[in-house]
Each structure stands twice: as structure tokens, then as C-alpha cells.
Amino acid sequence: MKTAEIANRYLDFFRSKDHEIVPSASLVSDDPSIMFTIAGMVPFIPYLTGVVPAPYKAAADLQKCIRTNDIEEVGKTARHGTFFQMMGNWSFGDYFKEGAISYAWELLTSSEADGGLGFDEKDLWVTVYEDDDEAEQLWRSVAGLPANRIQRLGREDNYWTTGQPGPAGPCSEIYFDRGPKYGQDGGPAVDDNRFLEIWNLVFMQYAIDNVRGKTEFDIVGELPQKNIDTGMGLERVAFLKQGVENMYETDQVRPVLDRAVELSGRTYGKNHEDDVRFRVIADHVRSSLMLLSDGVTPSNEGRGYILRRLMRRTVRSMRLLGVEEATFPELFAASRDAMKAGYPELETDWQRLSSYAFAEEETFLRTLTAGSTILDTAVEKTKTAGSDKLAGDQAFLLHDTYGFPIDLTLEIAEEAGLGVDRDGFDSLMKAQRERAKEDARSRKRQIADLSVYREFRGAGETSFLGYDALQTETRVL
Ligand code: ATP
Ligand code: MG
Ligand code: MG
Ligand code: MG
């Protein structure tokens with residue numbers, strides 16, 4: 001079953017249950033305090049908190065999401081993308097716990113011939129919040145789930161809040177058992193690789209107050225209007241339905257991975273480290289493309305910096321796979337072709353998107369080329385001197401003069417069997433930051449001092465040197 005077809009089945013199912021189908025919001029939220037849309041819930045926050053009355057009783061959507069906090073998991077677990085799509089259904093004071101549970105169960109377990117997703121009931125497990133007897137009871141009566149496939153978890157896992165006083169409530173999550181090949185028995189409470197989380201149902205029913213932390217708050221009453229918020233990961237369902245090992249091997253992502261494999265001349269599935277890199281590339285190219293498409297452009301701060309980081313990580317991963325030439329024209333085109341059916345703007349806006357991506361790659365490749373020779377020489381020298389650590393001042397020089405990210409220095413050094421004097425590097429960085437601060441302070445003084453004379457000299461004649469030299473940028477890569 002293709003990814004797009006799963007999404008269509010989901011939306012058709014909820015349309016048939018009188019849900020309004022709402023288009024995806026942008027990855028860039030209207031709310032400036034939110035970096036990206038991290039869940040289907042984000043665009044519905046005003047309705048869920050009651051700030052704005054919802055224009056419909058029930059809705060369903062397919063929402064584009066970016067989660068940068070999952071970046072370290074990408075390619076290592078089977079299930080974490082920096083970009084993914086979340087299917088969601090919503091009730092604003094309409095149906096509640098029983099409705100949400102019975103809809104989810106019906107869609108998951110109805111046969112494919114009947115328009116369902118055709119999961120075998122025996123493979124499904126659920127978790128409920130430890131005090132939510134009602135949810136457990138419903139899973140048993142509505143879905144007929146046996147007690148041993150319902151597990152109770154605490155607030156850490158199964159309680160939703162906004163982190164603020166206001167609406168909150170218990171969750172119930174649905175998991176798929178991938179079988180003993182993927183880990184140990186004992187359900188999702190024991191093993192989250194074998195038992196794959198696919199769908200989170202949130203029952204917003206309580207008001208909380210006195211919020212002291214993620215799990216520390218007081219439940220102070222029932223909400224006058226109870227809402228449902230659910231989220232099911234499209235890529236996760238797709239990889240299960242397509243019988244592949246992980247979300248990077250699904251029809252919307254795999255073509256990029258394959259292209260990277262071809263370009264590298266290596267094989268996928270032979271070496272674990274290479275495989276992780278191929279998956280990181282496939283994920284990051286797609287995320288970058290989708291971010292560009294929603295108007296983010298590479299820069300050194302905020303959203304643009306995240307985009308830059310994703311693209312640089314892709315370049316670095318390709319180099320670690322032995323490819324030093326530009327590959328974005330091929331990789332981004334592969335991703336566009338795999339995604340354009342659902343997102344036609346990727347094709348119509350291609351000229352603009354691709355020119356940002358290709359320029360970014362060219363610039364970063366030049367940086368890498370400039371630094372590589374210096375780094376190679378430094379590695380040689382270190383070895384000749386019989387040391388196993390690259391000197392901190394070498395790493396600093398690479399960073400400072402060639403914009404060479406420390407992570408990359410660490411990785412290349414490691415591949416050459418060397419460490420890096422990280423303490424030495426860090427103290428040079430610290431000293432540089434202090435110098436920059438001191439310079440900024442004296443520049444201020446200078447401006448203040450000169451302003452004293454301005455009335456005698458006429459405004460606008462003074463120009464200060466050194467601004468360019470002082471521009472420091474944070475580099476994580
Ligand atoms: P996990 O525990 O696996 O990290 P989560 O509990 O953080 O998932 P939720 O916040 O409950 O995920 O999001 C709802 C659903 O969205 C999940 O059940 C999953 O199907 C999907 N999802 C969440 N994060 C990702 C991701 N990084 N990549 C792909 N799908 C995701
Ligand atoms: Mg998570
Ligand atoms: Mg989870
Ligand atoms: Mg969850």
C-alpha cells in the first residue's frame with residue numbers, strides 16, 4: 001500500500017464519519033514562539049484551548065511536521081524522521097473517549113477490501129494512563145482487547161499538557177508488535193523498537209493548575225467541553241504496510257536513499273554505519289526540501305539555521321560515504337519526484353527551492369575543501385609526532401579560519417584513529433568569545449566617545465572598521 005493511499009484511506013474514513021477534512025498548515029507556524037509545526041495539534045491550539053470557537057465539531061487532516069529533537073535518532077531507530085506526516089482526527093466537544101477508541105480500532109482492523117488498513121488484531125497493543133480505568137474498560141468492551149495487551153503508564157508517557165495551566169488529559173497509545181526478531185516480549189512498556197508506536201489518542205478532559213514540571217501539576221477539575229486530539233504517523237503505518245524495515249525505506253523516502261547509494265557506489269544493507277548515513281541523507285534531503293518549500297531559507301539563526309544544519313549534515317554524510325562532488329541536484333530531484341504527488345508545489349516552485357539548495361551545497365563543499373588539506377596535514381603531523389590527539393589549536397584554526405565545524409574535525413580525526421584535544425579547543429573558543437565581547441564593549445565606548453565629537457564634525461562621516469572581522473557565527477556542524 002503506497003503512502004499516499006494510506007493517507008487517503010484515513011481521510012476517506014473520517015469523511016465518512018462526518019469529519020471536515022482540513023488541509024495541512026505550513027511547517028512554519030503562525031505563532032512566533034513555535035519554531036516549527038511539531039504535531040497535528042499545533043494549528044488547532046486556539047480551538048483546543050477554547051480561545052477561538054472551532055468552526056466544526058469534528059475534523060481530520062494530514063499535517064506536515066518537523067521535529068528537530070528527533071535528529072539524533074534519525075537513521076538509528078526505524079521510526080524517527082525530522083520530517084514526517086501526522087494523520088489526525090479531532091473532536092471539539094463532539095465525540096469523546098468511546099468514539100475515538102472505536103474509530104481508531106475500526107480503521108486499523110477493517111480489511112483492506114473494506115477500505116480499512118487491514119491490521120491483524122492480534123498484533124495490536126495499547127497503553128493507557130495509569131488512572132484511566134475508563135479507557136481500559138473501553139478497549140476491552142469496544143475493541144475486545146484482552147487485558148494482557150493493555151498496559152498502564154504514568155504521566156511521563158501518557159499524559160498530555162501544554163505545559164501551562166489549562167486543558168490537559170490522559171492519552172492512550174496504539175502499538176504494533178513487529179515480532180521477536182525486533183526485540184523482547186513484554187509489550188510497549190518494555191521494548192519500543194519491537195513494539196512500534198503508531199497512534200496517540202489524547203483525551204482532553206481535565207483542567208490543570210499549579211504546573212511545576214512536565215509531570216508535576218494539579219488536576220483541578222473537569223473541562224466543560226471535552227476534546228479529542230489524535231496523531232498517527234503516516235510513515236510508520238507505511239513502513240509496516242509495505243513490509244519494509246523502517247520509515248526510510250518507504251515509497252516516499254527510499255528513492256533518495258537509492259540515489260545516494262548509486263552515487264556512492266556502495267551497497268545498502270552491508271555495513272551498519274553506512275546504512276545509518278544513507279538513511280540520514282534520505283531523511284534530511286526530504287526535510288530540507290519541505291522546509292524550503294514552506295519558505296524557510298538557509299541562514300545562521302533560527303529556522304534557517306536548522307535548515308542549514310540539515311543540508312550540511314547531508315553533505316557531510318555523503319563525504320563520509322566517499323562522495324566529494326555536489327550531489328544535491330540528484331538527491332533533491334529524487335525527493336521532489338517521490339513527494340510531488342501530494343505536494344505539487346515542489347515541482348512548480350522547483351526553480352526557487354533548488355537554487356537555494358544547490359548554492360548551499362556549493363558553499364559548504366568549498367569550506368570543506370579548504371579545510372580538508374589543512375586537516376590532513378595536521379593529522380599527519382600528529383601521527384609523526386607519535387601523538388594520538390590532534391592539538392586543540394589546530395582544531396581551532398580550522399574552525400576559525402576555514403569555518404570547519406568541530407564535529408567534522410572530530411569525525412575525520414576519529415577515522416584517522418585520532419582524538420582531538422577538546423579541552424584545548426574549548427578554551428581557545430572561550431577566549432575568542434571573550435575577546436569578541438571585549439571588542440564589542442570597546443566598540444560601544446568608541447561609538448559613545450565619537451558621538452561626543454559628532455556635533456563638531458557633522459554627522460555621518462565616521463565609519464568603523466572591524467565589523468566584518470568581528471562577525472562570528474555559531475556552527476554546530
Ligand atoms: P516516539 O515515542 O516513537 O518518539 P512520540 O510519542 O514522540 O513517538 P507523539 O508525540 O505521540 O510521538 O506523536 C504522535 C504520532 O506521530 C506517533 O505515535 C508516531 O506515529 C508519529 N511520530 C512522532 N514522532 C515521529 C517522528 N519523528 N517520525 C515519524 N513519525 C513520528
Ligand atoms: Mg518522540
Ligand atoms: Mg512515545
Ligand atoms: Mg506518543
Next item on the list: Using label points projected 7 Å from each Cα along Cα→Cβ, tell me how many nm separate Glu347 and Ser141, to one decimal.
Entry: 5.1
Check: So how far apart, in nm, are the two label points at Val323 and Ser111 if each is 7 Å from Cα heading toward Cβ?
Finding: 4.4
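Please find the FRET efficiency linking Val276 to Arg152, where r is the Cβ-Cβ separation and R0 is fixed at 41 Å, and quote it to the nearest 0.05.
On the way: r = 34 Å, r/R0 = 0.83.
For Val276 and Arg152, the calculated efficiency is 0.75.
Gly269: net charge of surrounding residues, Cβ under 15 Å, Lys/Arg +1, Asp/Glu -1, itself excluded?
Working: positive: Arg254, Arg266, Lys270, Arg277, Arg279; negative: Glu245, Glu249, Asp258, Glu262, Glu273, Asp274, Asp275.
Here the charged neighbours net out to -2.
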Note to self: Just to check I understand the Karplus step: with θ = phi - 60° and J = 6.51 cos²θ - 1.76 cosθ + 1.60, what whole-Hz values come out for the stretch 378-386, glycine and proline as x?
What the structure shows: 4, 4, 4, 4, 4, 5, 4, 6, x
Next item on the list: Could you work out the local net charge near Glu121, counting Lys and Arg as +1, Asp and Glu as -1, over the other residues with Cβ closer than 12 Å to its Cβ?
Entry: -2
Item checked: Leading residue at positive end of dipole, the stretch 314-444 (Cβ point charges), from Thr314, Ala359, Ser442 -> Ser442
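I need the calculated FRET efficiency for the pair Arg435 and Asp30, taking r as the beta carbon distance and R₀ as 41 Å, to the nearest 0.05. List each step's numbers first, then the result.
Details: r = 40 Å, r/R0 = 0.98.
It comes to 0.55.
Nearest 500 deg cm²/dmol is fine: what mean residue ellipticity at 222 nm does the chain get from its DSSP H runs of n ≥ 4 alone, each adding -39,500 (n - 2.57), divided by its residue count?
Working: 16 runs with 216 residues, N = 477.
Roughly -14500 deg cm²/dmol at 222 nm, from the helical runs in the chain.
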Check: Based on the Cα gyration tensor of the stretch 163-273, what are the three equivalent ellipsoid semi-axes, each the root of five times an eigenvalue, rounded to whole Å and given largest first?
Finding: 39, 16, 14
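What does the highest-first list of 38-51, 78-91, 260-273 look like by mean Cβ count within 10 Å? Show your work: numbers first, answer last.
Working: 38-51: 18.1, 78-91: 24.6, 260-273: 14.1.
My ranking of the peptides, most packed first, is 78-91, 38-51, 260-273.
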Next item on the list: Would you compute, for the Cα atoms of the stretch 3-241, the largest minus smallest coordinate along each principal axis and list the three values in descending order, in whole Å?
Entry: 45, 38, 35
Check: Quick one: Debye curve from the C-alpha atoms of the stretch 253-422, no solvent, what's log10 I(q)/I(0) at q = 0.18, 0.19, 0.20, 0.21 Å⁻¹?
Finding: -1.11, -1.19, -1.26, -1.33
Notebook entry, point to check: Using r as the Cβ-Cβ distance of Lys340 and Glu98, and R0 as 35 Å, what FRET efficiency do you calculate, to the nearest 0.05?
Noted result: 0.30
Item checked: Table column - 3J(HN,Hα) (Hz), the stretch 75-83, Karplus curve with 6.51, -1.76, 1.60, x for Gly and Pro -> x, 8, 8, 7, 10, 10, x, 6, 10
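Take every Cα-Cα pair in the chain and report what % of them are more than 30 Å apart. Walk me through the numbers before you get to the answer.
On the way: 63066 of 113526 pairs.
The proportion of pairs with Cα distances above 30 Å equals 56 percent.
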Check: About its Cα centre, how strong a charge dipole does the chain have in debye, to the nearest 20, once Lys and Arg get +1 and Asp and Glu get -1 at the Cβ?
Finding: 1100
Note to self: Could you check the spin-label model distance between Asp407 and Asn300? Points 7 Å from the Cα along Cα→Cβ, value in nm.
What the structure shows: 1.8
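Can you check what the net charge comes to around Gly424, using other residues whose Cβ is under 10 Å from the Cβ of Gly424 (Lys, Arg +1; Asp, Glu -1)?
Working: positive: Lys389, Arg422; negative: Asp393, Asp421, Asp423, Asp426.
Result for the neighbourhood of Gly424: -2.
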Next item on the list: Would you work out which of Gly233, Pro188, Ala168 lies farthest towards the positive end of the dipole of the stretch 104-260? Charges go on Cβ: Lys and Arg +1, Asp and Glu -1.
Entry: Gly233
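FYI, it's all coordinate maths here, none of it is from the lab. This structure is a prediction, so every number in the text was calculated from the model and none was measured. Cβ atoms come from the backbone with ideal geometry, glycine included; neighbour counts cover every protein chain shown.
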